[in-house]
Amino acid sequence: MGLTEDQILSLLDNIANRTPKSISEQAISSLYLEYHRSVRNYIFKTFTQDATVIEEIVQDTFFEVWKRPERFRGESKFKTWLLGIARHKTIDRLRKNV
């Protein structure tokens, strides 16, 4: 069924608060489990088929959510915002490799 937007906001709030640490780690894990395939597929279909590069970008994308969950302002769906992060991370990565 997937996470609702309210559940996602609650998880992002848990990540932002970082207390207790186990709850914030569970929150990022929940988001990762829900969305990592979507991020991988987006990168694979849109930018590169290099599995190593894709995995690094997926990790970078979720690390960005971990570092700055407050950047999600609810102006779009969470998945749209997350794929935007992945897009920017991918473009930056591919530029460095040129």
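Just so you know, all these numbers are worked out from the coordinates, no wet-lab data involved. For clarity, every value in this text was computed on a predicted model and none was experimentally measured. Positions of Cβ are generated from backbone atoms using ideal geometry, with glycine treated the same way; all protein chains shown enter the neighbour counts.
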- Message: Quick check: the angle from helix 5-17's long axis to the longest principal axis of the chain, C-alpha only, nearest 10 degrees?
- Response: 90 degrees
- Which value at 222 nm does the chain reach when only helices count, each DSSP H run of 4 or more adding -39,500 (n - 2.57), with the total divided by all residues and rounded to the nearest 500 deg cm²/dmol? -26000 deg cm²/dmol
- If contacts are Cα pairs under 8 angstrom and at least 6 residues apart, what is the relative contact order of the chain in percent? 30 percent
- ³J(HN,Hα), Karplus 6.51/-1.76/1.60, whole Hz, each residue of region 68-80, x for Gly, Pro: 9, x, 5, 5, 6, 9, x, 7, 9, 5, 4, 4, 4
- Per DSSP, loop trypsin sites (Lys or Arg not before Pro) in region 40-95 with at most 13 further Cβ within 10 Å: ARG73, LYS77
- Would you work out the charge dipole size for the chain about its Cα centre, treating the Cβ of every Lys and Arg as +1 and the Cβ of every Asp and Glu as -1, and quote it to the nearest 20 debye? 300 debye
- Longest principal axis of the chain (C-alpha) makes with the long axis of helix 51-67 (C-alpha) an angle, in degrees to the nearest 10, of 30 degrees
